[in-house]
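Colleague: My structure is below; once you've seen it, I'll send some questions.
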Amino acid sequence: MTRIPGWPAQLADGPVGLRPLRLRDAGRLRTVRTRNAEWLRPWEPTHPDPPPQLNHVAPYLAMARSIRREARRGVAMPWAITYEGEFAGQLTVGALMWGSARSGQVGYWIDQRLAGRGCTPRAVALAVDHCFFTVGLHRIEANIRPENRASRRVAEKLGFIEEGVRRGFLHIDGAWRDHVCYAITVEDVPQGVLARLRHGARDDGPHDQQELYSD
């Protein structure tokens, strides 16, 4: 078992917060994801051979348990995104690699009702800064479908650098989909991503209408 420095952690910037995902979030998770099913469908990871799913809380409870086990193993940091204290979505920094790599991948989704309020950039900035300056990671990737312009703008706004296309990277919406790989290192943002978001980034409209998945 690898203990993650600085985990668990609660983070906040204004009304946007991150806190560790809890088992009791399963019911709220099901409610919000069911309401957002069509909005999230083009970006939602699927399985090539999916098991039958029932519309009840059990699959979400199993997911929460699984990802919390990954946190105990030191390979993921699963957060709930909150807005004004209420559950609003999910952000995970996963695929953590230690040793000489010190890297991870960020993925997230957020309630459509909060799109356009800047929740997603703030949440990602909070997570990345924590990963760099407290956890000790060196590099974080965000892998995004080429068609997902809103999430690509989030990455670019926060200082992620486009590195190329990963062919057939994830099974999304029933098929293997290409993803554009974005990455950021701690040297890219010596003052932090949140500081860049607050003081240096150009605001060219809403950036969180569609969400990325990378873990």
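The values are calculated or read from the model by the stated rules, or taken from the named source; none is laboratory data. Keep in mind the model is a prediction, meaning the values are calculated, not measured. Here the Cβ positions follow ideal geometry from the backbone for every residue, glycine too, while neighbour counts run over all protein chains shown. These accessible areas exclude ligands, DNA and RNA; they are computed on the full protein's heavy atoms, side chains included. Shrake-Rupley method; radii C 1.70, N 1.55, O 1.52, S 1.80 Å.
Colleague: Provide a single number: the residues in the range 173-201 that are under 17 Å from Ala150 (Cα atoms) and among the β-branched types (Val, Ile, Thr).
Modeller: Total meeting the criteria: 1.
Colleague: Here is a further query. Residue check: is Arg30 open to solvent by 50 Å² or more (accessible area, probe 1.4 Å), more than 16 Å from the chain's Cα centre (by Cα), more than 21 Å from Asp129 (Cα to Cα) and at pLDDT 85 or above?
Modeller: On the way: open to solvent by 50 Å² or more (accessible area, probe 1.4 Å): yes; more than 16 Å from the chain's Cα centre (by Cα): yes; more than 21 Å from Asp129 (Cα to Cα): yes; at pLDDT 85 or above: yes.
Here the answer is yes, as Arg30 does meet what is asked.
Colleague: Give the range 62-82 a look and list any residue that's without any contact (Cβ under 8 Å) to a residue 40 or more places away in the chain and either open to solvent by less than 50 Å² (accessible area, probe 1.4 Å) or closer than 17 Å to Ile4 by Cβ (or both), or say none. Step through it out loud before you land on a result.
Modeller: We begin by selecting, within the range 62-82, every residue without any contact (Cβ under 8 Å) to a residue 40 or more places away in the chain; these are 62-63, 66, 69-70.
Across the range 62-82, the qualifying residues are Ser66, Arg69, Glu70.
Colleague: In addition: Thr92 - would you say it is buried (at least 18 other Cβ atoms within 10 Å of the Cβ), at pLDDT 95 or above and under 16 Å from Arg122 (Cβ atoms)? If you could, list the steps in order and put the result at the bottom.
Modeller: Working: buried (at least 18 other Cβ atoms within 10 Å of the Cβ): yes; at pLDDT 95 or above: yes; under 16 Å from Arg122 (Cβ atoms): no.
Criteria not met by Thr92.
Colleague: Let me ask something additional. Considering each of Asp178, Asp203 in turn, give the residue that is among the acidic types (Asp, Glu) and at pLDDT 95 or above. I'd like the intermediate steps shown before the answer.
Modeller: On the way: Asp203 fails: at pLDDT 95 or above.
After applying the criteria, what remains is Asp178.
Colleague: Right, here's the next one. Which residue pairs have Cβ atoms closer than 8 Å, lie 6 or more positions apart in sequence or on different chains, and pair a first residue in the range 3-14 that is under 14 Å from Cys131 (Cα atoms) with a second residue that is open to solvent by 40 Å² or more (accessible area, probe 1.4 Å) and of a type in the set (Ser, Thr, Tyr)?
Modeller: Pro5/Thr134; Gly6/Thr134; Ala9/Thr134
Colleague: Inspect all residues belonging to the range 126-140 and state whether any of them is part of a loop (DSSP other than H, G, I, E, B) and open to solvent by less than 10 Å² (accessible area, probe 1.4 Å). Spell out how you get there, then give the answer.
Modeller: Start the filter on the range 126-140 by keeping residues that are part of a loop (DSSP other than H, G, I, E, B), which leaves 136-138.
Right, trim to open to solvent by less than 10 Å² (accessible area, probe 1.4 Å) and you get 137.
Yes: the range 126-140 contains one or more residues that are part of a loop (DSSP other than H, G, I, E, B) and open to solvent by less than 10 Å² (accessible area, probe 1.4 Å).
Colleague: In the range 16-27, which residues are more than 18 Å from the chain's Cα centre (by Cα) and either surrounded by 13 or more Cβ atoms within 10 Å (Cβ to Cβ) or not hydrophobic (A, V, I, L, M, F, W, C) (or both)? Give the steps one after another, and end with the answer.
Modeller: Just the residues of the range 16-27 that are more than 18 Å from the chain's Cα centre (by Cα), to begin with: 23-24, 27.
Of everything in the range 16-27, those that are more than 18 Å from the chain's Cα centre (by Cα) and either surrounded by 13 or more Cβ atoms within 10 Å (Cβ to Cβ) or not hydrophobic (A, V, I, L, M, F, W, C) (or both) turn out to be Arg24, Gly27.
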